[in-house]
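Just below is one structure, and these are the notes that go with it.
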Amino acid sequence: MFVLFEEAGKYLGGRVLSEAEASAQVELDTGKRVKVKGANIVLRFEKPSPADLIAEARDLAAGMDLDLAWEFAPEGEFGFAELAAEYFSEKPSLAQQASALFALFEAPHYFRRAGKGRFKKAPAEIVQQALAAIEKKKAIQAQIAEWAAQLAEGVCPAPVREQLYKILFRPDKNAPEYKAVVEAARATQRPPLDLLERAGAIDSPYQFHWRRFLFENFPKGTGFPTLAAPAIADDLPRAEGVQAFSIDDSQTTEIDDALSVQGLGTGTVTVGIHIAAPALALTPGSPIDNVARARMSTVYMPGYKITMLPDEVVDTYTLLEGGDRPAVSLYARFDEATLELQGTETKLERVPIAANLRHDQLDTVVTQQWLEDATFNADGTPEAAARMRAPLSFLFRLAKQLKAQREVVRGKPESFNRPDYNFRLVGNDGAEPTGSEQVQISTRQRGAPLDLIVSEAMILANSSWGGWLGELGVPALYRSQASLAPGIKVRMGTRALPHAGLGVKSYAWSTSPLRRYTDLVNQWQIIAAARHGKTAALAAPFKPKDADLFSILSGFDAAYTAYNAYQGGMERFWTLKYLQQQGITELEATVIKDMPNGALVRADKLPLVFPVAGQQERGARLRVKLGEIDEIALDVSGTVLERLDAPKAGEAAAEEEGDDGEEEVVAGPIAIAVDLNDSEAAPEEKTPA
């Protein structure tokens with residue numbers, strides 16, 4: 001005897017070997033033996049074979065008119081044999097009964113299951129809704145197939161183009177546009193990015209990266225609403241005897257900081273660190289503050305930037321030369337001979353800005369020799385630099401002392417192993433790049449005299465103000481690092497904790513309020529401290545354990561990380577462009593990391609990290625032949641041509657160390673979120689492009 005039975009949502013047939021009161025031992029066509037509950041057996045028969053019966057029944061079921069079957073089906077609960085009698089004939093054959101069973105079981109939109117082999121008609125309105133949904137699904141599947149075919153033929157359908165960045169980076173894996181890309185990539189066996197590029201979905205590599213960044217970070221665009229910069233209501237005193245000067249590059253418009261020196265030759269020298277003071281006019285929750293908080297920081301990239309604040313607002317508060325500018329000033333008094341710090345004082349005032357010095361115009365003039373030897377004269381020294389020679393010389397001497405003191409706390413010297421790379425797009429002049437510009441890449445050794453002067457002054461201000469706010473119990477946004485042990489990263493928090501990488505007791509970003517929102521927030525707190533002293537914690541805009549301050553911290557961390565990653569990615573793009581434009585096919589590079597079947601290397605004279613094939617020792621120097629450059633994936637790899645030297649002991653470790661404990665952003669190939677293993681909706685995964 002044979003039986004037809006249900007097992008795990010499927011109907012199977014087999015030969016009965018033995019049978020008890022509530023179960024049967026059944027042998028399937030495959031030879032497998034299973035124990036079947038009696039309640040799961042729906043048909044018993046002597047012939048034909050189970051396989052023949054199921055095949056014939058499925059053919060009959062495929063031809064059944066489900067609308068007609070629904071009309072014929074009895075009201076209330078019924079068995080499949082009853083429907084077969086209504087639909088086929090009064091005495092339906094075994095195959096007809098089985099076909100009715102299969103049709104009922106596989107049409108839940110018409111018939112609801114009420115038990116083993118038993119069903120109940122779905123209400124008419126439910127049937128209509130289900131049929132409409134089925135038709136809609138068929139139409140969507142047809143649309144997916146049509147779009148996939150177009151993509152495979154090299155044509156990008158408009159809906160896919162419109163959803164390009166969502167498909168690649170934040171996909172709805174149930175969306176037909178996403179499924180069409182997956183289906184076409186599978187059919188053509190092409191990577192999704194390659195497929196979409198060939199289909200014309202990507203206008204240009206540069207526009208691809210730019211629009212992707214805007215999609216993820218500026219979905220409403222980069223324009224500002226119309227905003228008027230409020231005037232500073234305070235009647236600020238003028239800083240008497242101060243002639244302040246800033247030191248920035250020529251492209252800087254947000255001049256946040258300036259320096260001054262008083263008392264040279266008197267035995268006590270007062271160094272002024274003057275910070276632009278938008279927080280004297282702006283208030284938390286104001287329209288301009290809302291804009292700044294939404295952006296969190298200025299975004300930098302070669303040849304262009306997206307400012308945190310509108311140009312009109314920046315122009316109102318920037319420390320432009322030729323006038324008295326509102327500032328929050330830290331005055332630090334030093335013994336002129338020993339350079340011992342004797343005390344600090346914070347003032348809210350108007351500061352005369354005598355000059356905006358530009359280091360890219362002065363680096364060849366303001367050298368260590370020029371600063372340390374008063375008898376040395378460099379040809380072509382600009383008049384502004386000549387006027388500031390004595391203050392600059394003292395600041396350079398002080399900066400070296402401050403750096404040495406921090407290195408004692410740090411436990412080891414700071415290393416400036418790698419230069420800073422400057423990118424210039426010829427003819428760009430600050431306009432939004434097209435991606436076709438000629439790019440120039442120049443180097444500037446980190447720790448150059450003007451750099452050192454500015455960086456040490458800013459560290460002094462940020463650490464002094466951070467410690468002061470901590471003493472007063474005024475919360476602020478701090479950066480800290482518990483130690484220089486491997487894996488201990490720089491963190492953001494609201495407590496004054498040591499920063500081991502910098503060698504200071506606390507560090508609160510406060511010197512760039514026109515460019516970073518953390519600095520604007522901290523400036524509000526510093527102003528409260530300057531006005532109210534010991535009661536500042538009660539008057540400051542942000543109170544201890546303020547939930548809003550934690551929200552700002554997490555928002556800034558996320559935005560700043562995204563902006564740095566984009567800057568790194570665009571520097572990589574222009575570096576790859578530079579290789580193409582200069583016809584460079586070989587590079588000298590140093591191994592920085594082991595990888596499976598290869599190594600990661602850093603070019604010696606360009607800001608480029610890339611993989612090479614073959615195992616190599618960390619620290620080894622190589623001559624590498626470059627492979628094909630992919631501007632969209634930002635990818636390039638290399639083949640080792642020659643080993644130039646053997647690694648030196650300790651060199652690799654020094655290479656990887658961050659100068660201040662900050663984590664280095666190393667841009668590499670981009671990752672997309674299209675998973676070719678997707679069948680239906682699946683959890684999002686990132687797959688290398």
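The values are calculated or read from the model by the stated rules, or taken from the named source; none is laboratory data. Owing to the predicted nature of the structure, the values given are computational and were not obtained by experimental measurement. Positions of Cβ are backbone-derived with ideal geometry, glycine not excepted, and every protein chain shown enters the neighbour counts. All accessible areas refer to the heavy atoms of the entire protein, side chains included, with ligands and DNA or RNA removed. Shrake-Rupley method; radii C 1.70, N 1.55, O 1.52, S 1.80 Å.
Computed from the C-alpha gyration tensor, the three semi-axes of the ellipsoid equivalent to region 247-297 are 33, 15, 6 Å, from longest to shortest. Per-residue ellipticity at 222 nm, computed for the chain from helices alone with -39500 (n - 2.57) per DSSP H run of at least four residues, works out to -11500 deg cm²/dmol. Computed from Cα atoms alone, the Kirkwood hydrodynamic radius reported for region 431-481 is 14.7 Å.
The residues packed around ALA84, meaning those with a beta-carbon under 12 Å from its beta-carbon, carry a net charge of -2 if Lys and Arg are +1 and Asp and Glu are -1. Between THR266 and ARG387, the simple label model (points 7 Å from Cα in the Cβ direction) yields a spacing of 2.1 nm. The candidate values were [x] 44.1; [y] 37.8; [z] 49.8; the one computed from these coordinates for mean projected area of the Cα convex hull in nm² carries the label [x]. Taking the average, over residues, of other Cβ atoms within 10 Å as the packing measure, peptides 356-362, 404-410 rank 356-362, 404-410 from highest down. For a paramagnetic label modelled at 7 Å from the Cα of LYS47 toward its Cβ, which residues of region 1-33 fall within the zone defined by backbone nitrogen distances under 15 Å? So the set is 1-2. Considering all C-alpha pairs of region 158-300, those separated by over 18 Å amount to 73%. The residues of region 1-143 have, on average, 58 Å² of accessible surface per residue, using a 1.4 Å probe with all protein chains present.
Subtracting the Cα-Cα distance of SER415 and THR535 from 0.36 nm times their residue separation leaves 39.1 nm of extension gain. Cross-link partners of LYS121 among aspartates and glutamates, defined as those whose alpha carbon lies under 19 angstrom from its own and excluding same-chain residues fewer than eight positions apart: ASP65, ASP67, GLU71, GLU75, GLU77, GLU82, GLU86, GLU106.
Give, as a single signed number, the net charge of other residues whose beta carbon lies under 14 Å from the beta carbon of ALA496, with Lys and Arg counted +1 and Asp and Glu -1. Taking every Cβ under 14 Å from that of ALA496, the sum is +3. Within region 42-74, what residues put their amide N at less than 16 Å from the label point 7 Å along the Cα-to-Cβ vector of GLU27? The answer is 49-51. Cβ-Cβ distance of GLN129 and ARG397, R₀ of 60 Å, FRET efficiency by 1/(1 + (r/R0)^6): the value works out to about 0.15. Between THR226 and ILE488, the FRET efficiency estimated from the beta carbon spacing at R0 = 60 angstrom works out to 0.85. Computed on region 83-236, with alpha-carbon pairs under 8 angstrom and 6+ residues apart, the relative contact order is 15 percent. Counting only Cα atoms, the size of region 122-176 along its three principal axes is 45, 25, 13 Å, in decreasing order. Using C-alpha pairs under 8 Å with a sequence gap of at least 6, the mean separation divided by the residue count of region 1-77 gives a relative contact order of 27 percent.
Taken along its three principal axes, the alpha carbon spread of region 9-143 comes to 48, 36, 24 Å, from the longest extent down to the shortest. Close amide-amide hydrogen proximity is noted between VAL504 and HIS499, each under 5 Å apart and 5 or more residues distant or on a separate chain (H modeled in the peptide plane; Pro and chain starts excluded). For trypsin sites (Lys or Arg not before Pro), the sites in region 1-74 that DSSP calls loop and that have at most 14 other Cβ atoms within 10 Å are LYS32. Projection of the Cα convex hull of region 260-378, averaged over all directions and equal to a quarter of that hull's surface, yields 10.4 nm². Gyration tensor over the Cα atoms of region 367-471: the corresponding equivalent ellipsoid has semi-axes (square roots of 5 times the eigenvalues, largest first) of 30, 23, 15 Å. Could you name the aspartates and glutamates in cross-link range of LYS138, using Cα to Cα under 14 Å and dropping any fewer than eight places away on the same chain? By straight Cα distance, LYS138 reaches GLU146. Excluding ligands, DNA and RNA, the accessible surface per residue across region 234-312 is 34 Å² with a 1.4 Å probe. What number, in percent, do you get for the relative contact order of the chain if the mean sequence gap of Cα pairs under 8 Å and at least 6 apart is divided by its residue count? Averaging sequence separation for qualifying contacts and normalising by length gives 10 percent for the chain. Over region 438-596, the reciprocal of the mean inverse Cα-Cα separation, the Kirkwood hydrodynamic radius, stands at 18.3 Å. In region 462-542 the Cα-Cα distances spread across 5 Å bins starting at 0 as 3, 19, 26, 23, 15, 8, 3, 1, 0 percent of all pairs. Against the compact-protein benchmark of 2.2 N^0.38 Å, the Cα-based radius of gyration of region 132-239 scales to 1.67. With all protein chains in place and a 1.4 Å probe, the accessible surface of region 1-56 carries 50 percent carbon and sulfur. A viscosity of 1.002 mPa s and a temperature of 20 °C, combined with the Kirkwood radius over Cα pairs in Stokes-Einstein, give a translational diffusion coefficient for region 529-623 of 123 µm²/s. Using every pair of separate Cα atoms, the Kirkwood estimate puts the hydrodynamic radius of region 315-432 at 17.7 angstrom. The share of Cα pairs per 10 Å bin across region 401-441, counted from zero up to the longest distance, runs 23, 26, 15, 19, 17 percent.
In terms of overall dimensions, region 268-321 has a Cα radius of gyration and Dmax of 14.0, 44 angstrom. Candidate membrane-span-like segments in the chain, meaning DSSP H helices with Cα atoms spread over at least 24 Å of their own axis and a Kyte-Doolittle mean of -1.0 or above, are 124-152, 389-410, 449-472, 547-582, with no membrane implied.
Over region 216-255, the ratio between the Cα radius of gyration and 2.2 N^0.38 Å evaluates to 1.94. Surface composition of region 335-425: carbon and sulfur make up 48 percent of the accessible area, probe 1.4 Å. Annotation: per residue accessible area for region 485-600 equals 43 Å², rounded to a whole number [probe 1.4 Å, protein chains only]. With no solvent and one equal point scatterer placed on each C-alpha of region 7-59, evaluate the Debye formula and give log10 I(q)/I(0) for q = 0.19, 0.25, 0.28, 0.29 Å⁻¹, two decimals. Results for region 7-59 at q = 0.19, 0.25, 0.28, 0.29 Å⁻¹ read -0.65, -1.11, -1.32, -1.38.
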